[in-house]
Amino acid sequence: MSTSTTNPAGTPDPWPLIHAERARLADALAELTPDQWRAPSACAGWTVEDVVAHLSAVASTGTVAWIVSIVRARFDADRHNARLLAKQRGTTPAETLETFRRSIASTIAPAKAYTALLGETVVHGQDIARPLGITLEPAPEAVAKVARFYARKDFAVNSKTLVAGLTLRADDVPFEAGTGPLVHGPVLDLVLTMAGRPDAAATLAGDGADELRSRLV
């Protein structure tokens, strides 16, 4: 049974899904070795620990604080992220993990596009897990919700633009969006592809798959 609640507008509230995916990731992180914490993630230039610190920053920085930070960084996203990461990274991986655990139940967000925040958790979880060769399986309901959001809106990632003129269809959950040549595969790989992860696109099939992969180059 779904744990999602409903907001006054009748739209399913993503917060229970966000909290569940954060908790799932925290449990996986607890099993990592020190070398794995220092290993590169799928985010260029970031280690696993950096990604975890980023997720803690996202969960603890409201809209005003986020705007102040980016303005102080003179709209330099790298400087902005580095400052926020430094605040959330501990002196040891254990401290960084404990900070992230404290953020699990947070309902703070830089913007009100809360499904984008769910996408951050799902995608960055895979940015950590896949390079390490570990299994992290988000809830299908959470991934499908992110897929629907990414297919209809550019927010943080240019997902809608990336898949324009293509039909996306998941093989494992009820999800279909768009018009044009078909691209199909696991919904998680569709989400990761829409988030700009080329490795995930390698698993996709259909008449439009090569076109989609070419857009990621």
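The values are calculated or read from the model by the stated rules, or taken from the named source; none is laboratory data. Every value quoted in this text rests on a predicted model; they were computed, and no experiment measured them. Counting neighbours? That spans all protein chains shown, and the Cβs are built from the backbone with ideal geometry, glycine included. Heavy atoms of the whole protein, side chains included, go into the accessibility calculation; ligands, DNA and RNA do not. Shrake-Rupley method; radii C 1.70, N 1.55, O 1.52, S 1.80 Å.
The listed residues are 37, 66, and the only one of them that is open to solvent by 40 Å² or more (accessible area, probe 1.4 Å) and of a type outside the set (Ser, Thr, Tyr) turns out to be 66.
Checked against (1) modelled with pLDDT under 95; (2) open to solvent by 30 Å² or more (accessible area, probe 1.4 Å), residue 84 passes all but a single condition, namely (2).
Applying the criterion of being within 19 Å of residue 208 (Cα to Cα) and touching a helix residue (DSSP H, G or I) at 6+ places or on another chain (Cβ under 8 Å) to the residues of the range 149-164, the residue that is surrounded by the fewest Cβ atoms within 10 Å (Cβ to Cβ) is 152. When the residues of the range 87-119 are narrowed to those that are touching a His at 6+ places or on another chain (Cβ under 8 Å) and not in a helix (DSSP H, G or I), which ends up least open to solvent (accessible area, probe 1.4 Å)? My answer is 104. Applying a threshold of 8 Å to beta carbon distances and a minimum spacing of six or more residues, or different chains, the list of pairs starting in the range 185-205 at a residue that is within 16 Å of residue 148 (Cα to Cα) and ending at one that is among the aromatic types (Phe, Trp, Tyr) and buried (at least 24 other Cβ atoms within 10 Å of the Cβ) reads 191/150; 194/150; 195/150. Return yes when residue 209 is modelled with pLDDT of 95 or more, open to solvent by less than 70 Å² (accessible area, probe 1.4 Å) and over 12 Å from the mean Cα position of the chain (by Cα) and no when it is not. Spelling it out, residue 209 is indeed modelled with pLDDT of 95 or more, open to solvent by less than 70 Å² (accessible area, probe 1.4 Å) and over 12 Å from the mean Cα position of the chain (by Cα). Screening residue 203 on (1) under 12 Å from the mean Cα position of the chain (by Cα); (2) over 24 Å from residue 77 (Cβ atoms) shows it passes everything except condition (1). Take residue 125 and decide whether it is within 12 Å of residue 188 (Cα to Cα), touching an Asp or Glu at 6+ places or on another chain (Cβ under 7 Å) and open to solvent by less than 40 Å² (accessible area, probe 1.4 Å). It is true that residue 125 is within 12 Å of residue 188 (Cα to Cα), touching an Asp or Glu at 6+ places or on another chain (Cβ under 7 Å) and open to solvent by less than 40 Å² (accessible area, probe 1.4 Å).
Let's see how each residue does on (1) closer than 19 Å to residue 90 by Cβ; (2) among the small types (Gly, Ala, Ser):
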{"residue": "26", "(1), (2)": "yes, yes"}
{"residue": "30", "(1), (2)": "yes, yes"}
{"residue": "34", "(1), (2)": "yes, no"}
{"residue": "40", "(1), (2)": "no, no"}
{"residue": "47", "(1), (2)": "yes, no"}
{"residue": "50", "(1), (2)": "yes, no"}
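When we screen 50, 27, 35 for residues that are at pLDDT 95 or above, within 26 Å of residue 187 (Cβ to Cβ) and out of contact with any strand residue (DSSP E or B) (no Cβ under 7 Å at 6 or more places or on another chain), the only hit is 27.
Residues of the range 167-206 that are open to solvent by less than 10 Å² (accessible area, probe 1.4 Å) and of a type in the set (Ser, Thr, Tyr): 193 alone.
Yes/no per residue for (1) under 12 Å from residue 52 (Cβ atoms); (2) in contact with a Leu (Cβ under 7 Å, 6 or more places away or on another chain):
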{"site": "68", "(1), (2)": "no, no"}
{"site": "72", "(1), (2)": "no, no"}
{"site": "85", "(1), (2)": "yes, no"}
{"site": "106", "(1), (2)": "no, no"}
{"site": "110", "(1), (2)": "no, no"}
{"site": "122", "(1), (2)": "no, no"}
{"site": "142", "(1), (2)": "no, yes"}
{"site": "145", "(1), (2)": "no, yes"}
